[in-house]
Each structure stands twice: as C-alpha cells, then as structure tokens.
1. Considering the range 278-310 alone, what residues qualify as being open to solvent by 10 Å² or more (accessible area, probe 1.4 Å) and not in a helix (DSSP H, G or I)?
2. I'd like the full set of residues that are in contact (Cβ under 8 Å) with a residue 40 or more places away in the chain, within 19 Å of H173 (Cα to Cα) and open to solvent by 50 Å² or more (accessible area, probe 1.4 Å), limited to the range 311-334.
3. Check whether at least one residue in the range 113-131 is in contact with a Leu (Cβ under 8 Å, 6 or more places away or on another chain) and loosely packed, with under 14 Cβ neighbours inside 10 Å, and report yes or no.
4. Can you find a residue that is open to solvent by less than 70 Å² (accessible area, probe 1.4 Å), closer than 30 Å to V182 by Cα and touching a residue at least 12 places away in the same chain (Cβ under 8 Å) anywhere in the range 343-352?
5. Whether any residue in the range 374-385 is open to solvent by 70 Å² or more (accessible area, probe 1.4 Å), within 26 Å of T53 (Cα to Cα) and among the acidic types (D, E) is what I want to check.
6. Scan the range 177-216 for residues that are outside any strand (DSSP E or B), touching a Phe, Trp or Tyr at 6+ places or on another chain (Cβ under 7 Å) and within 21 Å of L96 (Cβ to Cβ) and jot them down.
7. For the range 198-218, indicate whether the set of residues that are surrounded by 15 or more Cβ atoms within 10 Å (Cβ to Cβ), aromatic (F, W, Y) and touching a residue at least 60 places away in the same chain (Cβ under 8 Å) is non-empty.
8. In the range 60-176, which strands (runs of 3 or more DSSP E) lie fully inside it and hold 1 or more residues that are of a type in the set (S, T, Y) and either in contact with a His (Cβ under 6 Å, 6 or more places away or on another chain) or in contact (Cβ under 8 Å) with a residue 60 or more places away in the chain (or both)?
Amino acid sequence: MLPRQTRTMTMLRELALRNSSTNSIVGNQLKHRHGFHIIRQTCTEFPRKLKKTERKLWVTNINELKRIGRAERKERQIVRERILQPPQNGLLVKELIPVAHQVNADRIQLFTCVSKVAQSIAIYSCSVCGEVHIGHRPHKIRTCNVMGSAASKEHCWRRGAVEHVLPLVESFHLYDRLGRAVSHNERLQVDRIPAILELCVQAGIDLPEYPTRRRVFPAYSISGRVIDFEKRFPKEDAPGKDIYACGFWQKRNNISEDNKSVDMQPCDLQGTAVRGMEAWERMRSGASRLMETYAVQTCGYCLELQVGPKGHRVRNCQAYKHQMRDGQHAWQEATIDDVVPPVYVWHVRDTQSEKPLVNGLKKYYGMLPAVVELFAQAGASVPNDYVVMMREDVAVPEWDEEKLVV
C-alpha cells in the first residue's frame, strides 16, 4: 500500500488533469444546452483604474533602474569627457524631424474630425465623477463611486464636449531642454502647452510663439555634468522676436484656433470618421516613436507630465503621501497613455436601439477609447488592436435569459 503522502499527490495530479481536460472542451463562445447559456470569460481584461494609494506601473524594471543608477554614479567618479549622442547632447535627431511634423499635423486633423463628428453624435459626461458616454441614450450602469455621488451610484449626465473625448494634458515649455528644471517660483512665468505639442517642438518643430534653443555644436558630459561651449543666448535666437505679451489664456486660444483653422473638404460623416481614425492611429504610433528617443516624465501618483530628460520642481502634487515629499512629484518614465490618455467608455453595439445599457448586463458589454467609439458610431472601422475589447463575440442575453446564464 502506498504511503499517505504519495496517494495525496496522485489524487491531486488526477484532479488537475481532469480539470484541464474539462476546460479544453468548453469553447470561447456562447452555446445553448437544454435551454441554458454556458459562457466563458474572455482572457482580455479591461484597463483597471488605479487606487489613490497605488503607483503607476514602471516602464523599466526597478532593479534595472537601480543598476543604471549605480553605473552612472561610478562613471561620475572618473573625471573624463564622455561624448553624448543626440538628443542628449542638445542636437536634433534628423530622422525624427519628419515624424514630429506628421504627429503635429495628425493632432490638428484629429481635433478637427472630432469636432465635426461631435456635432452629429451626442457626447455625455457625468458631472460628479467625469465618466464619459458616447451615444444618444446614456447608459444606466451604476459606476459613479466617488465622494459626493448618489447612494444608488447612478450618474448625473450632462452634455459633453471635445475636451471630454480628447483631454488636454499640459507640460511646461522648455526653452532649453538641457537647462535646469523649472523651479516652484517660476511656475507662473513659464508657459504651459499641450504635452504632445511640446514633444513635437523638442523633436524639431519651430513655432514662433514658443521659441526653443537649437544648438549647432554638441554638449559634452564631464563627470556627470553637461558642459556647453555655445553662448547661452546666441544672436540668431532673438529672444524678444515674435513673442506676444499676453497671458496663458490667449495662447491657449491661439492653439485652439490653429486646430480649427484646418479646412477640411465637405464630405459625409463616415469619411470624416475614417480620416479621424487614421489620424488617431498615426498620432499615437508617431508619438510612441518619438518617446523612444525623447524622454517624457510623469508623476507616479497624479496626472502631471513633463516633456524633457527630467521633471520640474514645482510642488503642486496633491496625490498619495504628498506631505512626505513636500509636494514634489514622484517622477518616472511616461507611456503613450500618459501623453495621449484614452478615455475608456462602454461600447454600444446597436446605435439604432432605444434601450440604454443596463447595470445588470454590464459584464457582457465591451469598452473602447472614447475617440475610437465616437468614430466607430460614425461608420469607421475599428482597428484590430481594439477588436478584442469590444467583446463582439459575446452574446448579450435578454432580461428573461440572464438568470439562465451559467
């Protein structure tokens, strides 16, 4: 007779084999067996909202960052000159200058397409939690779980606008990306512009209202310090030229007027949505390519962003344990979702139906970024990257069938 431990291990092995064979038989789609629905959850999960006490995920492993930091400290102890590569030496990467111009053009075209499509498709926003819904009938899903919300967790809907679909993420504009960081006392003296625009400016776009320093000779690194042999303010920069004495609000209006100045040819709603979807994909892919070379920093606890090799020193963080940091931000490497945040909304399959999405069937609904959902309802095809999140392969039961779902 086998020992008790051996018999237990054998029983566990047989149980695991039985469960694996059972799971392999069950399909990924909805089936009908004797009047019951048998459904299996999809593997793709929706993006989870971080708690206030949670930090954003690190792009680079923390152990790798520690190793790089130790190597840099060891390198600084050796007094020698180290040649930097663009853009660390202040020069532009010539191969990415056309990419920056294309990203800026796609940004303006995307804003124009969203503005035109929003005139035909309703956009709703919750006045309490800020959740967004695309479509004529707002959903009835009770997900308003913030301070000040109703006990039933139902949303208080109001008509939204373009800024709810394309939220504005701003960054301090740097005249010299290799210079010192913006201090707390300079927070009202330095312009703040959209982060995607600041990324394009640092990558090679020249805007008269936002001058930036273009070096001719590279900078060098000696014992960890960047040494610049150029004059600090060359004559060709002309610091006072083409700069208008106006406040931040006037410059923001100029940016919005530039976005609206793109005159698109009159066409149907579907053609505008298709061009907007293509501009959305090109802008995100181009910005991701720029971020591989030009560093972008974000706070690990709040939405603050700074385009450049290091974050600013403005003490305006009000997130988790900001008292311990004296209001300083916990800077880390940013992702494309930090620069161009996708506002996820519930996906409406049948736009002609008068029935809104209900709370009892929310586990069968899919989600999409607000821009993609807006263009999809206008007739554009959804890219393959978002097809799984739509959950089109999951059948939504009726109210009288929902109790029969297993």
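1. E292, T293, A295, Q297, Y301, C302, L303, E304, P309, K310
2. Within the range 311-334, R313, R315, N316, E333 meet the criteria.
3. yes
4. Yes - at least one qualifying residue is present in the range 343-352.
5. No, because not a single residue in the range 374-385 is open to solvent by 70 Å² or more (accessible area, probe 1.4 Å), within 26 Å of T53 (Cα to Cα) and among the acidic types (D, E).
6. L199, V201, Q202, A203, P211, T212, R213
7. no
8. Numbers: elements: 81-83, 123-126, 132-134, 157-159, 170-172.
Because the criterion is at least 1 residues that are of a type in the set (S, T, Y) and either in contact with a His (Cβ under 6 Å, 6 or more places away or on another chain) or in contact (Cβ under 8 Å) with a residue 60 or more places away in the chain (or both), the strands (runs of 3 or more DSSP E) in the range 60-176 that meet it are 123-126, 170-172.
The values are calculated or read from the model by the stated rules, or taken from the named source; none is laboratory data. Note that the structure is predicted; figures quoted are calculated from it, not measured. Positions of Cβ are generated from backbone atoms using ideal geometry, with glycine treated the same way; all protein chains shown enter the neighbour counts. Just the protein is used for accessible areas: all its heavy atoms, side chains included, with ligands, DNA and RNA removed. Shrake-Rupley method; radii C 1.70, N 1.55, O 1.52, S 1.80 Å.
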